[in-house]
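The values are calculated or read from the model by the stated rules, or taken from the named source; none is laboratory data. All of these numbers come straight from a predicted model, not from anything done at the bench. Backbone-built Cβ (ideal geometry, glycine too); neighbour counts: all protein chains shown. The accessibility values were calculated without ligands, DNA or RNA, using every heavy atom of the protein model including side chains. Shrake-Rupley method; radii C 1.70, N 1.55, O 1.52, S 1.80 Å.
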Amino acid sequence: MNANAITVEAADFSAFDTVIDTRSPAEYAEDHVPGAISAPVLDDAERAQVGTLYKQVSQFDAKKLGAALLAKNVAHHVETLFKDKAKDWRPLVYCWRGGKRSGAMAHVLREIGWDAKTLEGGYKAYRRWVVAQLEELPLRFKFLVIHGPTGSGKSRLLTALARAGGQVLDLEQLAAHRGSVLGGLPDRPQPSQKMFDSRLLAELAALDASRSVFVEGESKKIGELQVPDALMATMRASPCVRVEASVETRVSLLLDEYQHFLADRPTLDAQLDCLVALHGRERIAEWKALAASGAWREFVSRLLLEHYDPAYKRSSHKNFVHLSDAPQVRIASPGESSFVEASEALLETAPA
């Protein structure tokens, strides 16, 4: 093994002052080590140009062009990103396979005098490690699953629990999706599956396995993203807490959370059309008519009673084995104080 390289298994990413991703911006955008900065030695267009030359002309010409571009880009990063780094700065550099791109960057940094290390196997090794960790790490935790019908304030309760000092794993926050047919966020596209996995692993690794972890009872998919099997199985076998709220409270909470749909009827109608196979065109047309007339409370109430609640009853008890004997916590009103009270009550009674 290269003395200047470390394996993913041995890596403590937080022990380095900076983790540097030398891959192209598109590769970085799909997924990267959490906290890593992007310092591409070839941008997307340059990478495509070198690849085309490699396939269509010759390996020699491609390597010559690649070396010239790489030298120019590394010099630019030294002059900009790294110009204020002290002599004792310790970076960890990686690329796709731990080969030429990261090796070239790290070589220059070491020649300057910095103690630069590379990640053996690069991003590919990191990705294999993430998948393996997500098969094992969830089994270490004691989850307390927050369950309840749509609109009962489960996400707000998780936020209140975190503020009160509880350990929380917020999967919907990580997935940038509220988990229902209307769950997409207008200002936050969902990350890639790989990015979701990376962020999830970082969150799990930061938790204390000796303390309970509050998590919302999710489906196997949150929007377009898949919850890892080991985490899903552990959650489904864990003790639960049922959140109860009146239909009036749930309607108020949902109207507050889904303001963007009130202002964007075409998007709302398109999402409702996804439910035609379940409910038929006549019922969907009735829901659309309520929205068109501005009868928002009736619209949300009918959506809850006719779609969300039956779906919740069909799936929840079947998938979460301890839900039937779960204790209840009530959200008395949509106000913040109700969630503070509920979180305090949960923290008093929850196992350590």
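Observations, loosely collected:
- Extreme residue, positive dipole direction of the chain, given options L119, H77, V145 (C-beta unit charges): L119
- Top positive-direction residue, dipole computed over the stretch 165-218 with Cβ charges, set S198, V213, L171: S198
- In the chain, the inverse of the mean reciprocal separation of distinct Cα atoms equals 23.3 Å; this is its Kirkwood hydrodynamic radius.
- Karplus-derived 3J(HN,Hα) values for the stretch 194-210, using 6.51 cos²θ - 1.76 cosθ + 1.60 with θ = phi - 60°, are 5, 5, 4, 4, 4, 5, 4, 4, 4, 5, 4, 5, 8, 7, 8, 5, 7 Hz; glycine and proline are entered as x.
- Once the Cα-Cα distance is subtracted from the 0.36 nm per residue extended length, the D61 to K85 segment shows a gain of 5.2 nm.
- Residue (of G66, Y28, F16) at the positive-pole extreme of the stretch 15-124, dipole from beta-carbon charges: G66
- Here's how it looks for T18: its modeled amide H is under 5 Å from those of R90, L92, which are all 5 or more places away or on a different chain.
- Contact order normalised by residue count of the stretch 77-122, Cα under 8 Å, 6+ apart, percent: 43 percent
- Highest-MSF residue in the chain out of E336, E135, E282 [GNM, Cα springs under 10 Å]: E282
- Taken along the Cα-to-beta-carbon direction at a fixed 7 Å, the label points for K124 and H260 span 3.7 nm.
- Applying the Karplus relation 6.51 cos²θ - 1.76 cosθ + 1.60 with θ = phi - 60° to the stretch 31-40 yields 3J(HN,Hα) values of 5, 7, 4, x, x, 5, 9, 8, 9, x Hz, where x marks Gly and Pro.
- With every protein chain in place, the chain: carbon and sulfur % of accessible area (1.4 Å): 52 percent
- 3J(HN,Hα) couplings calculated from phi for the stretch 59-76 with the Karplus curve 6.51 cos²θ - 1.76 cosθ + 1.60 (θ = phi - 60°) are, in sequence order, 4, 4, 5, 5, 5, 5, 5, x, 5, 5, 5, 4, 4, 5, 6, 4, 4, 4 Hz; Gly and Pro show x.
- Given +1 at the Cβ of Lys and Arg, -1 at the Cβ of Asp and Glu and no other charges, the dipole of the chain around its Cα centre is 860 debye to the nearest 20.
- Residues of the chain: accessible area per residue with a 1.4 Å probe, Å²: 49 Å²
- Counting DSSP beta bridges with both ends in the chain, the antiparallel % (nearest 5): 15 percent
- 5 angstrom amide H check on T7, placed H, neighbours 5+ away: E120
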